[in-house]
Amino acid sequence: MNKFRSSMTRRATAMAKSAVASDEPLVIDTREELLDALTEAVRIEHVLMLQYLYAAFSIKRSTSEGLTDAQQEKTRDWERRILEIALDEMTHLGTACNLLSAVGGRPDFTRPNFPQAASPWYPFPFELAKLSDPCLVRFIRAESPPSAQAAALEGIAPDPLSFSYVGDLYRAIAAGFETIDAAFARSGDPRKRLFIGRPEAQAPTGWALNFKIFTITDVASAKAAIDYIVRQGEGTASGSEPSHYGTFRGILAELRQARQQDPSFEPARDVVSNPSTRPERDAAAGATIIAESSIAHPVAELLSHTYSTMLMMLSTYFDPAGEATEARATLQICSRGLMSGIVRPIAEVLSTLPATADDRGPRAGAPFEIYGDLGLPAYAPGRLAIIAERLEIEANECKRLAELDPGLTRLRFLAGNYASASARLASLLAGGGSIP
Amino acid sequence: MIKLTFSGWFECRLSTDPDPTDEPRGVSGWTYAVVGEPDFDRVIRTMPAEAVKRRPGQSIGVTVRRVELDGKEDVSHVLRGAPFVLLDGASFEGRNTLANPATEEPIFPFHLLIEKEGVRLRREYRDLQTGELRIQRAAGVLFDPAALAESGVGDPDTFVARRIGAIEALLGDPRAGLTSTQRIALEARRGQLQRRGNGPVPLPFGMKYHYVLEGPWVEVRDPQRKLKATVDLGPWIIDLWLGCWDADALCGYLKGTLIAPSTPNELARKD
């Protein structure tokens, strides 16, 4: 195997490996295979998280949207539980980045735009869709333990793949850590080590409350982290611990029961599936283009632009290239603040704005598009400058949109959040931002 | 010098991390607007008349408890019992830590009013040079074990059980006259308390604030000379402690002092 393949070639190889039939278990026994699998894990955590967020943001909030008092409390609880799972996926993403970084990889936040049909390289379809029965079934499918497949979701499983389930991928990765580390140890060559990553690139645990990122230093810590991720997703055989799989099944059961009590009950706004501001070359058929005449169009562009800026912050954070401690702390605060304080509220606003020229038509939603290359220069001041420049542009656009449409009251408030984030980056740049 | 010592519960209906700061109902944080309640607005309300006042909850009202003139307590002073009010929609300015760390969130704007029986002390925190509203971070978090007893919170370990008990007592009281919406709201609160366990209970930790109010943005009214002193327009020193956060009742406990330079008048001398 060529040890110097380009990332593109690696990705293609990973895709091809995914197509191996499921009766051939995924075996990882080289560093490159481990890097491929971890890169895939990062991508899967990322797209799962976005799908969960989209469904959560589609949920109706008040009696003015046709909910009864009891339904309002019920839908809030579903939204909370789905957002908690999305938060878990963010921590899994952070831990997967640490796993990748520990063995010499570089976290890559690129991913194809939505939608993506189920295929040999995506074991289940990736779609942005409102909360509904089929949507929850898709989520259960993604998080299910292999043994539960036939009983719980007969008939909807895709063709067998080498990792039909997220848990399978992680189990193969855990085995890979052990296999490769043991092989290096057996070689007797002290220059051969699995854990060649820079310790300072590891994200620490203390990002926020309930945000448990594992730092990876050896096989034991890698296996503990993976075990935690798998248990959070699939649960345990005894079912004694809460899991994503169990939570989604619980919400589905409650939704079906609520529908039995009130057949007209609709928990989500009428948001379109897979909204997009333009045709994307890497998306499968099925995207819904938001009408340019709708205010949702520029708001969706602002959201996607900001989301990409946040990904740039994360990729800089997880792959430092001379950024000073203060710069990394600022990137951590800003990426987290952008997610909670800007991207999420704009996504919520989008689920109330019309997707079409007809104001009474279906609502838009957050497209989470990636418009271009997220790659940044390896030169620390250069990449910080690009991030700061983007934030300033976004701050101005948010202000402009809030002034353009007085109905966008939340954007008026968010303009202040953008200004705060932009000021932080500007201040960092003024101080140099990198290790001299 | 006049020194006013005030304390009491305030209401602040705000979302908490990781919800967005402007989240109107509360979803993923510790706080929620339940059915029948208005959206969150983040305003710090120290007067019961302006508050939503969840029941069971805390008794809202920050008032002056002690007045000292030149170091001597005046138990009959007109400002005893006067409400301490923050004007202009004062709120915590955190913005999901983008603007300020969670433990240092400024109160913005800072514009205080203490008023009773025609006596009024009012002052704004503005920049002396530009006249613009000033924003100042909290001076950190302070552990104050006395706050639990002062506020009436008592033992934090039994807080959740006591609150659930109070909610259930209300739900079970046929004389309470609860509407269907109120019942659902109380059941939602009980569910949240049961789910969160002993997480967000009032604890004796609070954010400390220290303000020096200066400049011409001040009003002292005392037409009947009840203040027993002439309050000077020099710097007023305000120290505040806001803590014992009761996430279920959406309330916090506030205590502090205001010290203003003053000269005693004849009434004070007579006393």
field: Single condition residue A:362 does not satisfy, out of (1) touching a residue at least 24 places away in the same chain (Cβ under 8 Å); (2) surrounded by fewer than 14 Cβ atoms within 10 Å (Cβ to Cβ)
entry: (2)
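Give region B:72-112 a look and list any residue that's closer than 22 Å to residue B:245 by Cβ and outside any loop (DSSP other than H, G, I, E, B), or say none.
The answer is B:83, B:84, B:85, B:86, B:91, B:92, B:102, B:103, B:104, B:107, B:108, B:112.
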message: Out of A:127, A:143, A:89, A:79, I need the residue that is within 16 Å of residue A:366 (Cβ to Cβ) and either basic (Lys, Arg) or more than 14 Å from every other protein chain (Cβ to nearest Cβ) (or both). Which one?
response: A:127
message: within 14 Å of another protein chain (Cβ to nearest Cβ), more than 19 Å from residue B:93 (Cβ to Cβ), surrounded by fewer than 19 Cβ atoms within 10 Å (Cβ to Cβ) and without any contact (Cβ under 8 Å) to a residue 60 or more places away in the chain: is that true of residue A:430 in this structure?
response: no
message: Checking residue B:65 against (1) assigned to a helix (DSSP H, G or I); (2) in contact with a Phe, Trp or Tyr (Cβ under 7 Å, 6 or more places away or on another chain): exactly one of these is not met. Which one?
response: (1)
query: Mind checking which pairs have a first residue in region A:254-277 that is touching a residue at least 24 places away in the same chain (Cβ under 8 Å) and a second that is in a helix (DSSP H, G or I) and hydrophobic (A, V, I, L, M, F, W, C), Cβ under 6 Å, 6 or more apart or different chains?
result: A:265/A:258; A:277/A:300
task: Take the residues in region B:168-192 that are surrounded by 17 or more Cβ atoms within 10 Å (Cβ to Cβ) and hydrophobic (A, V, I, L, M, F, W, C), then tell me which one is farthest from the other protein chains (Cβ to nearest Cβ).
output: B:186
- request: Identify all residues within region B:37-56 that are surrounded by fewer than 18 Cβ atoms within 10 Å (Cβ to Cβ) and touching a helix residue (DSSP H, G or I) at 6+ places or on another chain (Cβ under 8 Å); write none if there are none.
  value: B:37, B:55, B:56
- prompt: What is the residue count in region B:193-203 for residues that are more than 14 Å from residue B:56 (Cβ to Cβ) and surrounded by 11 or more Cβ atoms within 10 Å (Cβ to Cβ)?
  reply: 6
query: Could we say that residue B:8 is touching a strand residue (DSSP E or B) at 6+ places or on another chain (Cβ under 8 Å), in a loop (DSSP other than H, G, I, E, B) and more than 10 Å from chain A (Cβ to nearest Cβ) here?
result: no
Residue check for residue A:342: closer than 30 Å to residue A:114 by Cα, modelled with pLDDT of 90 or more, within 24 Å of the chain's Cα centre (by Cα) and more than 14 Å from chain B (Cβ to nearest Cβ): no
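The values are calculated or read from the model by the stated rules, or taken from the named source; none is laboratory data. Treat the numbers as computed from the prediction; the structure is a model and nothing was measured. Cβ sites come from the backbone with ideal geometry, for glycine too, and all protein chains shown count toward neighbours.
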